[in-house]
Amino acid sequence: MHIAFLAAALPALSPVPYSPKTVLGISGTQFTLNGEPQFLLGCSYYGAVTAPDAWIRQDLRQLRRWGFNWVRVWATWIAYDLDVSVVDSRGRLRQPYFLRLCRLIEYADSLGMVVDLTLSRGRPLGSFQAHLKAVQELASALRPYRNVYFDLGNERNVRDARYVSFQELARLRDAVKKIDPERLVTASHAGDIPEAELARYVNVARVDFIAPHRPRNKSSVAETEAKTRWYLDKLHQLGRPMPVHYQEPFRRNFNPWTFQPNLSDFLADALAALRGGAAGWCFHIGDN
């Protein structure tokens, strides 16, 4: 087996060589896979490591047949009285979930798929030090895998347990880059990103791409194309053109009393993102 966690779990042993088949990169404002520009079409797959390997392989094969080439998986997933986080409350790798994550990443790699690995402040990472330890351990243990990017802080701007300041975000980013300079990192933002904060993502946090979670209301679809062009224009003005990645757009049952998107809304939003020059878009789903 090519499970990279062996290098972290048994530091006295040499890592098992692993030859990645899928290498994620960036060229200008687009993502690349093995050097070729690719639009990332993704799907929520948050608590993936709860599932048996056979289910995961079946899911990924089906998603690939449908044209999806990335999935969003959480490193810190505690939901419905189930904790399947791949790190513990001190930020250390946690078994068997980290091993399951590695198997998922390897199978995605074999299919030419990208894995978004998302961390969130809160449970189980209740402090900055635990958060820092988690990104360091993940960056080290996942270094052989080149089809993975890190979302260092899900909706980091929300002023609850999720909140991660730009100064903390910069330290998390630097910790990853010290271990693995080529690992792509971002931090997702709840809502559209104001111009002043966009500059701080670029100049303070120095992320590799932005991941705004656009508003989830009736007018959202009609605004996506223009908003994408606005982001790209402002990033150009800041001297840091980079991908605009719609990693978590609207979903059904989020605010069903005001906006319950249907098939045409999902299709229209994805196409608007593509026309506007976005680098990726996710079919975001919830527990329903």
Flagged in region 155-205 as in contact with a strand residue (DSSP E or B) (Cβ under 6 Å, 6 or more places away or on another chain), open to solvent by less than 10 Å² (accessible area, probe 1.4 Å) and part of a loop (DSSP other than H, G, I, E, B), in numbering order, are Val164, Ile193
Within region 101-135, residues of a type in the set (Gly, Ala, Ser), more than 17 Å from the chain's Cα centre (by Cα) and either part of a helix (DSSP H, G or I) or farther than 23 Å from Ala161 by Cβ (or both) come out as Ser110, Ala130
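Just the residues that are polar (S, T, N, Q) and closer than 23 Å to Leu169 by Cβ, please, taken from region 193-227.
Scanning region 193-227 gives a single hit, Asn203.
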The condition of being in contact with a helix residue (DSSP H, G or I) (Cβ under 7 Å, 6 or more places away or on another chain) and modelled with pLDDT of 95 or more holds, among Glu168, Glu182, Glu155, only for Glu168
Check your understanding: Scanning for something assigned to a loop (DSSP other than H, G, I, E, B) and over 22 Å from the mean Cα position of the chain (by Cα), does region 222-240 turn up at least one residue?
Key -> yes
Restricting attention to region 95-112, does a residue exist that is more than 24 Å from Cys43 (Cα to Cα), in contact (Cβ under 8 Å) with a residue 12 or more places away in the chain and either touching a strand residue (DSSP E or B) at 6+ places or on another chain (Cβ under 8 Å) or open to solvent by 10 Å² or more (accessible area, probe 1.4 Å) (or both)? yes
Can Leu138 be described as open to solvent by less than 20 Å² (accessible area, probe 1.4 Å), under 28 Å from Arg64 (Cα atoms) and not in a helix (DSSP H, G or I)? no
*Tell me, please, whether a residue that is surrounded by fewer than 22 Cβ atoms within 10 Å (Cβ to Cβ), without any contact (Cβ under 8 Å) to a residue 60 or more places away in the chain and of a type in the set (Ser, Thr, Tyr) can be found in region 252-272.*
yes
Q) Is it fair to say Arg90 is out of contact with any Ser or Thr (no Cβ under 8 Å at 6 or more places or on another chain), outside any helix (DSSP H, G or I) and open to solvent by 30 Å² or more (accessible area, probe 1.4 Å)? A) yes
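The values are calculated or read from the model by the stated rules, or taken from the named source; none is laboratory data. What you are looking at is a predicted structure, and each value in this text was computed from that prediction instead of being measured. As a convention, Cβ positions derive from the backbone with ideal geometry for all residues, glycine included, and neighbour counts pool all protein chains shown. Calculation scope for accessible area: heavy atoms of the full protein, side chains included, ligands and nucleic acids excluded. Shrake-Rupley method; radii C 1.70, N 1.55, O 1.52, S 1.80 Å.
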